[in-house]
1. With the condition kept exactly as written, say whether any residue in the range 1-12 is open to solvent by 30 Å² or more (accessible area, probe 1.4 Å), closer than 13 Å to residue 107 by Cα, touching a strand residue (DSSP E or B) at 6+ places or on another chain (Cβ under 7 Å) and modelled with pLDDT under 95.
2. What residue, among those in the range 122-150 that are buried (at least 19 other Cβ atoms within 10 Å of the Cβ) and aliphatic (A, V, I, L, M), is farthest from residue 171 (Cα to Cα)?
3. For the range 104-118, which residues satisfy the criterion of being under 13 Å from the mean Cα position of the chain (by Cα) and surrounded by fewer than 20 Cβ atoms within 10 Å (Cβ to Cβ)?
4. Here is a check on your reading of the model: is residue 24 without any contact (Cβ under 8 Å) to a residue 40 or more places away in the chain, open to solvent by less than 50 Å² (accessible area, probe 1.4 Å), more than 29 Å from residue 149 (Cβ to Cβ) and of a type outside the set (Val, Ile, Thr)?
5. Being out of contact with any Gly (no Cβ under 9 Å at 6 or more places or on another chain) and open to solvent by less than 70 Å² (accessible area, probe 1.4 Å) is the filter here, so list the residues in the range 52-66 that pass it.
6. Could you check how many residues of the range 71-87 are buried (at least 20 other Cβ atoms within 10 Å of the Cβ) and either outside any helix (DSSP H, G or I) or touching a Gly at 6+ places or on another chain (Cβ under 8 Å) (or both)?
7. Condition first: closer than 17 Å to residue 69 by Cα, in contact (Cβ under 8 Å) with a residue 40 or more places away in the chain and part of a loop (DSSP other than H, G, I, E, B). Can you find one or more residues in the range 158-176 that meet it?
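The values are calculated or read from the model by the stated rules, or taken from the named source; none is laboratory data. Here the structure is a predicted model, which means the values were calculated and not measured. With ideal geometry, Cβ positions are generated from the backbone for all residues, glycine too; neighbour counts draw on all protein chains shown. Accessible surface is based on the protein model in full, side chains and every heavy atom, while ligands, DNA and RNA are left aside. Shrake-Rupley method; radii C 1.70, N 1.55, O 1.52, S 1.80 Å.
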Amino acid sequence: MNFDAERDAQSLVLLGEGSRRKCFRISGQPFCVKFYRLPSEYTHKTTWGVRLHIFLARFVRFSNANCQEWRYHETLRKRLPADLFAAFPEVLRPVYSRERGWGIVESLIENADGTPIRRVIAEMERARDARMRQRLYEEAERLFSRLADHAVCFYDPPNVMVQWLGPDGFRLRIVDFEPQGRALVPGLSYIKPYVRCKVRRRCARYLKRLREIPFGGRMPGMKAALPAN
């Protein structure tokens with residue numbers, strides 16, 4: 001990895017954006033980098049609460065979501081089975097920009113043909129084969145169950161993506177996660193029973209969406225999973 005946040009900033013290519021952060025591809029390298037939005041990049045969807053968070057966290061490693069992801073990624077590397085950890089990017093490391101503050105460089109995850117990966121829900125809507133939709137659902141169900149079992153702080157199920165390895169082969173990847181969450185009480189993300197309950201509850205809601213979208217109702221053979229408690 002060879003990336004200089006000051007020198008290479010002009011060659012970054014926008015890949016995606018959320019309410020707080022933007023993700024850029026690093027030209028000529030299999031990596032991307034995430035930074036908080038600059039004030040000039042705020043939109044009407046950038047609420048005052050989000051703006052306050054960015055102002056307080058942009059240059060402060062402790063509260064910066066990018067640095068939190070890097071620290072938690074290192075923790076997961078040590079405690080998760082290798083096959084479960086493989087859902088996350090292979091490489092994450094913090095990087096500093098005088099303009100943008102703390103960011104994070106991570107492995108660029110693409111499909112085998114070089115096209116961008118898409119969310120599970122998008123791929124299920126696109127799939128024409130009922131068996132493939134079933135496979136996508138079951139893999140998402142399995143991944144969520146294992147994340148809950150291992151008390152992994154992953155609170156945004158829509159951020160699970162499908163990486164196509166070939167016409168019929170795929171694996172699920174997690175490219176965006178904020179381990180601290182936004183709980184009003186600090187430290188809840190360190191309490192495993194709380195984490196398991198929250199992951200199961202959120203994933204159960206998302207699985208319900210997946211069951212409903214493709215056919216307007218429950219897909220044949222699909223069962224409800226991950227009870228809230």
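1. Checked the range 1-12: at least one residue is open to solvent by 30 Å² or more (accessible area, probe 1.4 Å), closer than 13 Å to residue 107 by Cα, touching a strand residue (DSSP E or B) at 6+ places or on another chain (Cβ under 7 Å) and modelled with pLDDT under 95.
2. Top of the filtered list is 148.
3. 107, 108, 109, 117, 118
4. Here the answer is yes, as residue 24 does meet what is asked.
5. Within the range 52-66, 53, 63, 65 meet the criteria.
6. The number of residues fulfilling the criteria is 1.
7. yes
To keep it simple, each residue is scored yes or no on (1) more than 30 Å from residue 42 (Cα to Cα); (2) among the charged types (D, E, K, R); (3) touching a residue at least 24 places away in the same chain (Cβ under 8 Å); (4) outside any helix (DSSP H, G or I).
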| position | (1), (2), (3), (4) |
| --- | --- |
| 99 | no, yes, yes, yes |
| 124 | yes, no, yes, no |
| 132 | yes, no, yes, no |
| 136 | yes, no, yes, no |
| 141 | yes, yes, yes, no |
| 147 | yes, no, yes, no |
